[in-house]
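Reviewing the structure listed below.
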Amino acid sequence: MRNILVLKSSILADNSQTNQLSDYLVRKLGDNNIVVRDLAKNALPHFDATAATAVRGQPSTEAENALLALSDELVAEIQKADIVVINAPMYNFNIPTQLKSYFDFIARPRVTFQYTENGPEGLLKGKKAIVLAAFGGFHQNQSTDHVTAYIKTILGFVGITDVQFVYSEGIGLGADSIAKAQAHAKAEIDKIATAL
Ligand SMILES: Cc1cc2nc3c(=O)[nH]c(=O)nc-3n(C[C@H](O)[C@H](O)[C@H](O)COP(=O)(O)O)c2cc1C
């Protein structure tokens, strides 16, 4: 039994490409311990000064301690996961703000990363990440794709370097284009699920 953490972040609910694809992946993987965290339905707070004091300073107020407890819960969840499935819709050329807040709450000095003489070291080791990215247009391998670059950087920073991306592109171009993108993504997911 593997522990699988699914991070949903689409604001489009049942119309979401990435939500449909992560549900498909979970079905393909069969019997596992699955935790689904829908960051759009149950949004985390924006990472403000109170949050920074909570997770990177000396929390003392009730609000700061509550945010530290929230961060602890998120960190424990990802620490436990063997596989992290990250839904990554492109909104205005980057990830949804809800997913960015998640990364802000789990990037914790001395907990998920630390600085050493040799530079930063990620502490979430031995995990695999599968990123389901969906774009209205076509951005793969273009300078407009800030989704891939950012996710690779932040996951690498916290120690997750085994990362596979599955792309659904051209979602904004009508039904045929959506069907083609879904078929392509599902074929990629089938390969990943078989190899896991
Ligand atoms: C608010 C918003 C902003 C978007 N911005 C972009 C964009 O910058 N580039 C792009 O190619 N598609 C953009 N799209 C299209 C989405 O990437 C596309 O609908 C994709 O399917 C989103 O994933 P989801 O269906 O899981 O939410 C945007 C969609 C929304 C709703």
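The values are calculated or read from the model by the stated rules, or taken from the named source; none is laboratory data. It should be emphasised that the depicted structure is a prediction, and the values quoted were computed from it without experimental measurement. For neighbour counting, all protein chains shown are included, and Cβ atoms are generated from backbone atoms with ideal geometry for every residue, glycine included.
Here is how the numbers come out for the structure above:
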{"item": "Those strands (runs of 3 or more DSSP E) lying entirely in region 1-90 with at least 2 residues crowded, with 20+ Cβ neighbours inside 10 Å", "result": "3-8, 83-89"}
{"item": "Region 108-165, residues that are hydrophobic (A, V, I, L, M, F, W, C) and either touching a Cys at 6+ places or on another chain (Cβ under 8 Å) or part of a helix (DSSP H, G or I) (or both)", "result": "V147, A149, I151, I154, L155, F157"}
{"item": "Near pairs, Cβ below 6 angstrom, 6+ apart or cross-chain, from region 167-178 (within 16 Å of A88 (Cβ to Cβ)) to any residue that is more than 9 Å from the ligand (Cβ to nearest atom) and assigned to a loop (DSSP other than H, G, I, E, B)", "result": "Y167/Q140"}
{"item": "Check on G57, at positive phi and either more than 19 Å from the chain's Cα centre (by Cα) or β-branched (V, I, T) (or both)", "result": "no"}
{"item": "Neighbours by Cβ (under 7 Å, 6+ apart or cross-chain): first from region 35-58, β-branched (V, I, T); second surrounded by fewer than 16 Cβ atoms within 10 Å (Cβ to Cβ) and not in a loop (DSSP other than H, G, I, E, B)", "result": "T50/A63"}
{"item": "Matching residues, region 97-119, being surrounded by fewer than 16 Cβ atoms within 10 Å (Cβ to Cβ), among the charged types (D, E, K, R) and within 11 Å of V158 (Cα to Cα)", "result": "R110"}
{"item": "Set A129, A133, A107: member being at pLDDT 95 or above and within 10 Å of the ligand (Cβ to nearest atom)", "result": "A133"}
{"item": "Some residue of region 90-98 being touching a His at 6+ places or on another chain (Cβ under 6 Å) and within 16 Å of the ligand (Cβ to nearest atom)", "result": "yes"}
{"item": "Positions within region 21-50 being hydrophobic (A, V, I, L, M, F, W, C), in contact with an Asp or Glu (Cβ under 7 Å, 6 or more places away or on another chain) and more than 17 Å from I78 (Cα to Cα), in sequence order", "result": "F47"}
{"item": "Selection within region 122-168 - among the hydroxyl-bearing types (S, T, Y) and under 21 Å from A183 (Cα atoms)", "result": "T148, Y167, S168"}
{"item": "Matching option when the condition is at positive phi and either surrounded by fewer than 18 Cβ atoms within 10 Å (Cβ to Cβ) or out of contact with any strand residue (DSSP E or B) (no Cβ under 6 Å at 6 or more places or on another chain) (or both), among N141, N94", "result": "N141"}
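For (1) within 16 Å of the ligand (Cβ to nearest atom); (2) within 23 Å of A183 (Cα to Cα), each residue gets a yes or a no:
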| site | (1), (2) |
| --- | --- |
| R2 | no, no |
| I11 | yes, yes |
| D14 | yes, yes |
| Q17 | yes, yes |
| R27 | no, yes |
| D48 | no, no |
